[in-house]
Amino acid sequence: MAAKNQTPAERAETLRKHIEEANYRYYVLDDPTLSDAEYDAQMNELRQVETEHPELVTPDSPTQRVSGQPADEFAKVRHPQPILSLANAFSAEGVLAWFERIRPLIPSDTPVAFVVEPKIDGLTVVLTYKNGRLEQGATRGDGIIGEDVTTNVRTIRGVPIVLRHEGASTSSRSLSHFSALPQLMAVRGEAYMPIRDFERMNEALLAAGERTFANPRNAAAGSLRQLDAKLTAQRPLRVLCYAIVQWVNGDAPSGSQSPATQWELLHFLRTCGFPVSDIARRFETLDEAIQYCQSYSELRDTLSLEIDGMVIKIDDLKLADNLGFVGRDPRGAIAFKFPAREANTLLKAVTYSVGRTGVIIPNAVLEPVRLGGITISHATLHNFDDVARKDIRIGDRVIIRRAGDVIPYVAGPVVSARTGNEQPISIPETCPYCETRLVRQEGEVALYCPNVECPGRLDRAMEHFVGRGAMDIDGLGSRIVAQLIDAGLVDDVADLYSLTSEELLGLDGFAEKKALNLMDAIANSRHQSLERLIIGLGIQHVGEVAARALASAYGSLDALLEATLQELDEIEGVGPVIAESILQWTQRASTRDLVKKLKAAGVDPRQDRHRTPAAAPGPLTGKIFVITGMLSQPRDEVAAWIEQHGGKVTDSVSRKTSYVIVGDAPGANKVSKANQLSVPMIGEDELRRLV
């Protein structure tokens, strides 16, 4: 690579070849040969050569991926042929039914093989090459007319500006006739954003106080449709290609012909320099293809990109083409869709509830929508800071997700669907249940109702108390909690232990067996640990980590009630904010009355007093973690996993914190504190890579 004895023109050409080869190996072969520093050094040297000798600048130089002034709007582009979508199947039976419908159209003596590829959750692009050079990039649009986004497409490093001519060197014996490229070729692909890159981008936007994106697909679409290509270039876009929609030989040698099969086509695209999926596979039977699709229903979370299914294609392209269409769906392929993890629907209104600690929680009232096998009509909006950051409005089309495939929440609005009639979500000044004036504590996002006797808290407090992570009273769900409160049978959680089977039988839906089962579950909960009871009591800021530390340090509720601020502050995993919150809780008369009632009911767990033992040695030994936001698993399970590997989990960010694990809708206070203290923020994937 030495520049010795090279003219500026030769040096520029050498650098261009090395940089394009590095791009090909990184984005296509996933086999990088240059470090980031080496790549940047070569790019900088090429820029310097071209600056000193502007006559050497070529349109296809790697330095010219971003050029020109921002556009006023995108020009319209007519595609060379319709860019069609696929029919969907949601089960193996659906795929088999698809093939049964087309089997009579296939000659009986014709063997049929299949190619399976991932169905990428991104934005379709059409890349047109003339004489091997990128001529145009366009969005799918309505399938007939798209938008010209050529300048933006050029900024995606995985998109080849000049095609390679190495088809003959492939190991496939049938590809030798691809050594010559056609005069004109249009390739279909999918622009997407890798999940981890998307998360990093959102974390940076959040730290900068800017609006984040709801999901990688929205981020990719928004990035590709920027009028200023320089902004697109700053976004971590990638592309995967999978089809040829136009092939014109023109003056090319007569031996140059398009691939005969989908499997050959994928190999050909890769040799031309296009990124192609590395999980595409060819199968001789449909059963094998279906099994492969089903395997990725579970493996989808191991991929670096979002997919919402797999696509099964008939390998023989001529056969597939001869099968024609049904409406606008080609018969020669079917999309095997996975169960949905997000949907979009109308946000009709916002209601407010009071959490167990008095926090006011905004909740979305939705047009009912099916997601992951259930109908969702309500979802959490987390907090008002999250609402403002995402700019969610009443009347918006919104994206609904399920955290850990369980809890539905609003990920963000579909801004492009706005009509102008949407209304901002107002922040209440008084509690919707007791009309007490709401307060916001310094350094926190949440609004609180300071009335500890607020009637809006009881159902939340009780649901939390009986939940799996606390007292774990099986069979006592939110509907039954509401029945008990409405019937006047409970005024606090201690009243659960004085319920009788006769009282339960008086409630709607209770028969003798159901009543006895619930009574047994309540009685068994008396034997839960002190840690579980402290969690269940819902002390503000006290999570699993702090509860475990308090149980170890004090051994009983009586001892905890007599704790001093200094003692609490010295406990590992507590800290000054949590210590102050615990002290306020212990000094309330209502707290002491509740503890007396629990003890009278036989709920008084005790354990030996000791400090929390050091975590077992492991790859995370010496590292301290804080978790914020909604993860793919419950927080206590993630915390337990960290501790199994030697790490420690605390509830608040400090200078001692090694990493903050950031999930969906993270707490702005913890993110801000992490930025302030320069504590690294990572996602679940990075956490697991640490181990």
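Name every residue in the range 563-574 that is surrounded by 15 or more Cβ atoms within 10 Å (Cβ to Cβ) and at pLDDT 90 or above, in order of residue number.
A563
Could you list, ordered by first residue, the pairs with Cβ atoms under 9 Å in which the first is in the range 439-456 and free of Cβ contacts under 8 Å to residues at least 40 places away in the same chain and the second is hydroxyl-bearing (S, T, Y), at least 6 apart or interchain?
Matching pairs, first to second residue: V439/Y448; R440/Y448; Q441/Y448; P455/Y433.
Q540: modelled with pLDDT under 90, surrounded by fewer than 20 Cβ atoms within 10 Å (Cβ to Cβ) and part of a loop (DSSP other than H, G, I, E, B), yes or no?
Taking the combined requirement at face value, the residue satisfies it.
Please state which one of A289, A219, A252 is modelled with pLDDT of 95 or more and not in a strand (DSSP E or B).
A289
Condition check ((1) without any contact (Cβ under 8 Å) to a residue 12 or more places away in the chain; (2) surrounded by 22 or more Cβ atoms within 10 Å (Cβ to Cβ); (3) closer than 17 Å to F338 by Cα) across all residues:
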| residue | (1), (2), (3) |
| --- | --- |
| Q234 | yes, no, no |
| P259 | no, no, no |
| Q294 | no, no, yes |
| E298 | yes, no, yes |
| I312 | no, yes, yes |
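Can you name the number of the only condition in (1) under 18 Å from D651 (Cβ atoms); (2) in a helix (DSSP H, G or I) that A521 fails?
Every condition holds for A521 apart from (1).
Would you be able to say whether some residue in the range 279-301 is hydroxyl-bearing (S, T, Y), in contact with a strand residue (DSSP E or B) (Cβ under 6 Å, 6 or more places away or on another chain) and assigned by TED's automatic domain parsing to the domain that holds T128?
Yes, the range 279-301 contains a residue that is hydroxyl-bearing (S, T, Y), in contact with a strand residue (DSSP E or B) (Cβ under 6 Å, 6 or more places away or on another chain) and assigned by TED's automatic domain parsing to the domain that holds T128.
Can you name every residue in the range 452-495 that is assigned to a loop (DSSP other than H, G, I, E, B), at negative phi and either within 33 Å of the chain's Cα centre (by Cα) or among the hydroxyl-bearing types (S, T, Y) (or both)?
If the condition is that a residue be assigned to a loop (DSSP other than H, G, I, E, B), at negative phi and either within 33 Å of the chain's Cα centre (by Cα) or among the hydroxyl-bearing types (S, T, Y) (or both), then G456, G467, R468, G469, A470, M471, I473, D474, L476, G477 are the ones that fit.
Output the residues belonging to the range 137-161 that are under 15 Å from L269 (Cβ atoms) and either at pLDDT 90 or above or surrounded by fewer than 18 Cβ atoms within 10 Å (Cβ to Cβ) (or both).
Correct list: V159, P160.
Select from the range 543-574 the residues that are closer than 15 Å to D651 by Cβ and assigned to a loop (DSSP other than H, G, I, E, B) and list them in ascending order.
Within the range 543-574, G543, I571, E572, G573, V574 meet the criteria.
Within the range 416-436, which residues are assigned to a loop (DSSP other than H, G, I, E, B), under 30 Å from the mean Cα position of the chain (by Cα) and not hydrophobic (A, V, I, L, M, F, W, C)?
Those that are assigned to a loop (DSSP other than H, G, I, E, B), under 30 Å from the mean Cα position of the chain (by Cα) and not hydrophobic (A, V, I, L, M, F, W, C): R418, T419, G420, N421, E422, S426.
If a residue has to be without any contact (Cβ under 8 Å) to a residue 40 or more places away in the chain and more than 19 Å from V638 (Cα to Cα) to count, how many in the range 533-557 make the cut?
Count: 2.
The values are calculated or read from the model by the stated rules, or taken from the named source; none is laboratory data. Remember, predicted model here, so these are calculated numbers, not experimental data. Methodologically, a virtual Cβ is constructed for each residue, glycine included, from the backbone with ideal geometry; neighbour enumeration extends over all protein chains shown.
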